[in-house]
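**Student:** Submitted below is the structure of interest, expressed as structure tokens.
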Amino acid sequence: MTWSRKPKPTVAAHLKRCGVPRRDFLQFCTQLMVAAPWGLAITEKATAAEVAREIGQARRPSVIWLHFQDCTGCSETLLRTSKPDLADLILHVISLDYHETLMAACGHQAEAALSQAVRNNAGKFVLVVEGSIPTKDQGIYMKLAGRPALNVLQDVAAQAGAIIAIGSCASWGGIPSADPNPTGAVGVDEIIRNKPVINLPGCPPNPYTLLGVVFQYARKGTLPELDELHRPKFAYDRVIHDHCPRRAHFDAGRFVMQYGDEGHRHGWCLYKLGCKGPDTHAGCSTRHFNEIPDVWPIGIGAPCIGCTEKHLAFRVPLFEQVPIHDATPPDTYPPVHTTTGSISAPGVAVVSVIGGALGGAAWVAARRFRSEEETASIIKANLQSSQKDNPNEEVR
Amino acid sequence: MELTRREALLGVVSRCVPVAAALAVPAAEAAEETPSQPKAPVGMLYDATLCIGCKACVVACAEANDLPRDVSLDGLHQAPEDLNAFTKNIIKLYKPTDNSPDSFVKQQCMHCLDPACVAACPFKALWKNDANGLVAWEPSRCIGCRYCEIACPYHVPKFEWDRINPKIVKCELCRPRLAKGYEPACTSVCPTHAVIFGPREDLLHKAKERIEQSPNKYFENRVYGEHEAGGTQVLYLSHVPFEDIGLPSLGTEPIPARLKWQKRIYKFLALPLLMYAVLASVMKKNWIDHRKEMLEEERRTGLRPQL
């Protein structure tokens with residue numbers, strides 16, 4: 001492997017030299033436009049051809065990919081992307097200079113590759129971090145070449161041009177940080193505080209979001225607008241529930257009550273199984289995975305776990321229902337009541353009987369009280385008898 | 001049988017209040033015998049044949065009026081059963097059991113030309129705008145007596161049952177939006193223009209044009225609200241009988257005109273206050289009589305009475 005200090009060729013020149021069909025590249029650009037319908041300068045164009053021209057002029061961005069406490073699922077989502085396929089991605093579009101799972105080198109050779117890649121592209125490369133970083137006990141729970149992951153990240157990030165945390169683990173800890181968090185796992189932005197970190201949460205996230213951010217940086221040197229959780233707004237502005245293909249079933253009140261029941265087979269709403277869609281911001285419901293329609297959790301009948309939200313996935317139990325923040329009308333209607341205020345004959349009869357009974361009871365009760373004259377005579381009688389008994393008692 | 005000065009004063013006051021109130025009511029009433037007609041009444045025209053029941057107006061109304069979503073039905077949907085403290089506008093469905101045509105109906109304040117609620121309101125918390133004729137509501141004057149709720153023939157004003165200091169909730173045809181130059185939220189979002197906003201005269205004209213163009217389409221070929229109870233500023237066209245979609249037959253006479261003396265005796269809560277005053281004076285009288293009796297008894301027997 002030789003490392004040149006020459007600037008990388010543009011994407012267009014490289015694709016031409018390698019004989020990649022223009023049609024494939026245009027298809028890739030179309031996918032990118034779908035993934036970033038707004039908020040990304042390179043895709044805010046009228047046609048895929050314009051996007052292709054824009055990306056074609058970019059120098060192939062150098063990407064260094066670090067793995068920490070992860071399952072490699074985020075890499076897998078890139079591998080399973082069919083347009084462009086993996087070979088295209090690595091060799092033609094981006095320059096993936098270091099990736100532990102995909103590189104041929106190992107051991108000392110791999111370490112040398114990392115240091116060389118960092119040195120050659122210092123200040124320019126895009127650092128992609130996958131997996132959370134253990135911080136407990138000085139980070140001894142994960143080591144690369146004898147050094148804690150914590151230190152490796154700090155060293156490489158110091159040289160990086162842009163830092164992207166891919167997946168929920170790198171964004172804020174993910175599965176390794178779930179209670180009781182034995183390794184003290186945290187996300188990248190807990191450790192790298194002097195540089196902006198772009199979070200691409202998801203388990204896994206959509207790979208086109210990553211490519212969009214990388215190309216934006218390579219072409220314009222800028223980063224997309226971020227929300228309060230440092231997620232790119234162009235990819236995380238939508239609420240799953242608002243764009244869900246099963247939304248009609250929610251509005252009609254047709255819910256799956258149990259896995260495999262009739263509603264589940266008919267593709268009804270998964271809310272009552274604990275679907276976190278109403279509280280989750282992500283583009284999954286409109287940008288499915290692997291460019292295959294309906295390949296995403298809800299599409300295959302599994303409730304959303306809210307993996308793009310810090311407070312949901314791996315924090316809230318799977319079957320717990322989330323509150324509906326912005327309730328909308330169902331597709332049922334209240335009936336017109338035209339009979340309000342009418343008085344029916346049986347009703348009048350019942351009320352009259354009850355009223356009469358109460359009145360009669362009151363009258364009978366009243367008769368039982370002693371009359372005023374009776375009371376007065378009793379008092380007088382008592383008075384006289386008491387004076388007779390105690391004739392010497394002083395009058396009070 | 002002596003009256004203390006305190007007792008004498010109380011007796012005088014308790015008897016004078018009802019008399020004063022009874023005298024004050026007709027005086028206050030005389031000033032507002034006939035409400036002046038608004039200069040340029042605006043309103044809405046709802047055409048039930050165009051409504052598709054999308055409920056965009058229901059959501060827009062709740063948003064524009066900052067109303068909390070009424071999710072009391074299932075905790076998931078904004079699904080009010082009727083107009084209520086959280087719902088100023090609602091779409092209902094009339095679905096007959098036989099095969100006769102069904103219809104949606106939008107319900108909100110009708111903004112009557114001579115409103116019963118305004119006549120019933122004891123403290124003028126409800127009032128009719130002189131310029132555009134809309135029935136507005138002033139929260140600082142509302143005491144939550146619910147007179148308007150009972151007076152309204154369309155069951156529009158609703159009571160805030162879940163509040164400690166409850167008041168009334170009612171459509172004001174988006175008064176703040178109109179003041180800013182926007183049209184009401186419900187008309188602005190209607191995708192089929194089933195409900196439109198404009199001057200009442202124009203809307204009436206438009207409605208009659210529609211009836212002329214399709215003579216067999218509309219029920220009785222007439223506009224509901226043109227003459228009903230003196231006329232309303234919200235007009236309805238429908239292909240099903242108006243009574244079926246909750247619009248009652250009210251005749252042409254305004255409701256306040258029918259309630260000549262009733263509306264007076266409730267102004268400034270006169271009748272209830274009068275009743276309480278009479279009760280209080282009776283109680284006072286009984287109390288004084290009883291006390292006199294006790295003093296008499298004490299003087300006669302030389303002992304303090306036991307009762």
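Nothing in this text is a laboratory measurement; each read-out follows from the coordinates by a stated rule. Everything numeric in this text was worked out from a predicted model, so none of it was measured. Here Cβ is always computed from backbone atoms with ideal geometry, including for glycine, and neighbour counts include all displayed protein chains.
**Student:** Kindly flag which residue pairs out of A:LYS143/A:LYS195; A:LYS124/A:LYS276; B:LYS92/B:LYS267; B:LYS95/B:LYS260; B:LYS167/B:LYS263 have an alpha-carbon separation exceeding 27 Å in this structure. Could you put the intermediate results ahead of the total?
**Tutor:** Working: A:LYS143/A:LYS195 23 Å; A:LYS124/A:LYS276 38 Å; B:LYS92/B:LYS267 34 Å; B:LYS95/B:LYS260 39 Å; B:LYS167/B:LYS263 20 Å.
Cα-Cα > 27 Å for A:LYS124/A:LYS276; B:LYS92/B:LYS267; B:LYS95/B:LYS260; rest within.
**Student:** Here's something else I'd like to know. Looking at the P(r) of region A:238-330, how many percent of alpha-carbon pairs lie beyond 24 Å? Don't skip to the answer; put the middle values down first.
**Tutor:** Numbers: 550 of 4278 pairs.
Roughly 13 percent, once rounded to a whole number.
**Student:** So what's Rg/Rh here for region B:210-296, counting alpha carbon atoms and using the Kirkwood radius for Rh? Kindly include the intermediate steps, with their values, before the conclusion.
**Tutor:** On the way: Rg = 26.0 Å, Rh = 17.6 Å.
Expressed as Rg/Rh, it is 1.48.
**Student:** What is the magnitude of the charge dipole of region A:54-158 about its Cα centre, with +1 placed on the Cβ of each Lys and Arg, -1 on the Cβ of each Asp and Glu, and no other charges, expressed in debye to the nearest 20? List each step's numbers first, then the result.
**Tutor:** Numbers: 9 positive and 11 negative charges, 44 e Å.
Dipole about the Cα centre, nearest 20: 220 debye.
**Student:** To continue, here is another question. Gap in Å between the Cα centre of region A:1-73 and the Cα centre of region B:216-276?
**Tutor:** 69 Å
**Student:** What size of dipole, in debye to the nearest 20, comes out for region A:11-235 about its Cα centre when the only charges are +1 on Lys and Arg C-beta atoms and -1 on Asp and Glu C-beta atoms?
**Tutor:** Working: 21 positive and 20 negative charges, 173 e Å.
In debye, rounded to 20, region A:11-235 gives about 840.
**Student:** Another one. Comparing A:GLY359, A:GLY39, A:GLY173, which has the greatest mean-square fluctuation in the GNM of chain A with Cα pairs linked when under 10 Å apart?
**Tutor:** Looking only at A:GLY359, A:GLY39, A:GLY173, the largest GNM fluctuation is found for A:GLY359.
**Student:** For a quick check: sort B:CYS142, A:CYS29 by the number of other beta carbons within 10 angstrom, fewest at the front. Intermediate values should be presented prior to the final figure.
**Tutor:** Details: B:CYS142 21, A:CYS29 24.
Fewest to most other Cβ atoms nearby, the residues stand as B:CYS142, A:CYS29.
**Student:** With springs only between Cα atoms under 10 Å, which of A:GLN216, A:GLN384, A:GLN116 fluctuates most in a Gaussian network model of chain A?
**Tutor:** Its mean-square fluctuation being the largest, the pick is A:GLN384.
**Student:** With angles folded into 0 to 90 degrees, how steeply does helix B:200-213 sit against the dominant principal axis of chain B? Use alpha carbons for both and round to 10.
**Tutor:** 40 degrees
**Student:** For B:GLN37 and A:ARG265, FRET efficiency with R0 = 41 Å and r from the beta-carbon atoms, rounded to 0.05? Please list the in-between numbers first.
**Tutor:** On the way: r = 64 Å, r/R0 = 1.55.
Computed FRET efficiency for A:ARG265 and B:GLN37 comes out at 0.05.
**Student:** If you don't mind, another one. Tell me the net charge near A:LEU144. Cut-off is 14 Å between Cβ atoms, A:LEU144 excluded, with +1 for each Lys or Arg and -1 for each Asp or Glu. Present the calculation step by step, with values, prior to reporting the outcome.
**Tutor:** Values: positive: A:LYS143, A:ARG147; negative: A:ASP70, A:GLU100, A:GLU111, A:GLU130, A:ASP155.
Charge balance near A:LEU144 sits at -3.
**Student:** Here is a follow-up. First check a/c for the protein assembly as shown, with a ≥ b ≥ c the square roots of the eigenvalues of its C-alpha gyration tensor; if it is under 1.5, answer rounded, and if not, answer prolate when a/b is larger than b/c or oblate otherwise.
**Tutor:** Note, shape of the protein assembly as shown comes out prolate.
**Student:** When N is the residue count of chain A, what does its C-alpha Rg come to as a fraction of 2.2 N^0.38 Å? All intermediate terms of the calculation are to be shown ahead of the outcome.
**Tutor:** On the way: Rg = 36.7 Å, N = 396, 2.2 N^0.38 = 21.4 Å.
Rg over 2.2 N^0.38 Å, computed on Cα atoms: 1.72.
**Student:** Okay, next question. Calculate, for A:ASN151 and A:ALA178, the FRET efficiency according to 1/(1 + (r/R0)^6) with r their C-beta to C-beta distance and R0 35 Å; round to the nearest 0.05.
**Tutor:** Values: r = 25 Å, r/R0 = 0.70.
The pair A:ASN151/A:ALA178 has a calculated efficiency of 0.90.
**Student:** Can you give the direction-averaged projected area of the convex hull of the alpha-carbon atoms in region A:277-341, in nm²? Write out the running numbers ahead of the final one.
**Tutor:** Details: hull surface 29.3 nm².
Projected area, direction-averaged: 7.3 nm².
**Student:** For peptide B:69-79, what's the mean number of Cβ atoms from other chains within 10 Å of each residue's Cβ? Could the numbers behind the result be given before it?
**Tutor:** Working: counts 6, 2, 3, 0, 5, 4, 4, 14, 10, 6, 10.
Mean number of neighbouring Cβ atoms from other chains: 6.
**Student:** How about A:LYS380: which lysines have a C-alpha closer than 20 Å to its C-alpha, ignoring those fewer than 8 places off in the same chain?
**Tutor:** Within the straight-line cut-off, A:LYS380 pairs with A:LYS388, B:LYS292.
**Student:** State the extension gain, in nm to one decimal, for the chain segment bounded by B:ALA257 and B:TYR276, taking 0.36 nm per residue of separation less the distance between their alpha-carbons. All intermediate terms of the calculation are to be shown ahead of the outcome.
**Tutor:** Numbers: separation 19, 0.36 × 19 = 6.84 nm, distance 2.77 nm.
Answer, rounded to one decimal: 4.1 nm.
**Student:** Report the net charge of residues surrounding A:VAL256, where surrounding means a beta-carbon distance below 12 angstrom and charges are Lys +1, Arg +1, Asp -1, Glu -1.
**Tutor:** Result for the neighbourhood of A:VAL256: +2.
**Student:** Would you work out the charge dipole size for region A:238-330 about its Cα centre, treating the Cβ of every Lys and Arg as +1 and the Cβ of every Asp and Glu as -1, and quote it to the nearest 20 debye?
**Tutor:** Working: 10 positive and 10 negative charges, 17 e Å.
Dipole about the Cα centre, nearest 20: 80 debye.
**Student:** Top mean-square fluctuation among A:PRO330, A:PRO346, A:PRO245, Gaussian network model of chain A, C-alpha springs under 10 Å?
**Tutor:** Fluctuation is largest for A:PRO346.
**Student:** Across region B:42-265, how large is the tail of the calculated P(r) beyond 26 Å, expressed as a percent of all Cα pairs? Can you show the working numbers first?
**Tutor:** On the way: 8724 of 24976 pairs.
Counting every Cα pair in region B:42-265, those more than 26 Å apart make up 35 percent.
**Student:** Let me ask you something else. Which listed residue (B:VAL240, B:ALA277, B:VAL223) has the Cα farthest towards the positive end of the charge dipole for region B:211-307, taking +1 on Lys and Arg C-beta and -1 on Asp and Glu C-beta about the Cα centre?
**Tutor:** B:ALA277
**Student:** Could you check the simple spin-label distance between B:ARG141 and A:THR375, using points 7 Å along Cα→Cβ, in nm with one decimal?
**Tutor:** 4.8 nm
**Student:** Oh, and also: Rounded to the nearest 0.05, what FRET efficiency is calculated for A:HIS337 and A:ARG22 with R0 set to 60 Å and r the Cβ-Cβ distance? Numbers along the way, then the final one.
**Tutor:** On the way: r = 66 Å, r/R0 = 1.09.
The calculated FRET efficiency here is 0.35.
**Student:** What ranking of A:TYR236, B:TYR266 emerges when the number of other C-beta atoms within 10 Å of each C-beta is taken as an exposure proxy, fewest first? All intermediate terms of the calculation are to be shown ahead of the outcome.
**Tutor:** Details: A:TYR236 24, B:TYR266 20.
Starting with the residue having the fewest Cβ neighbours, the order is B:TYR266, A:TYR236.
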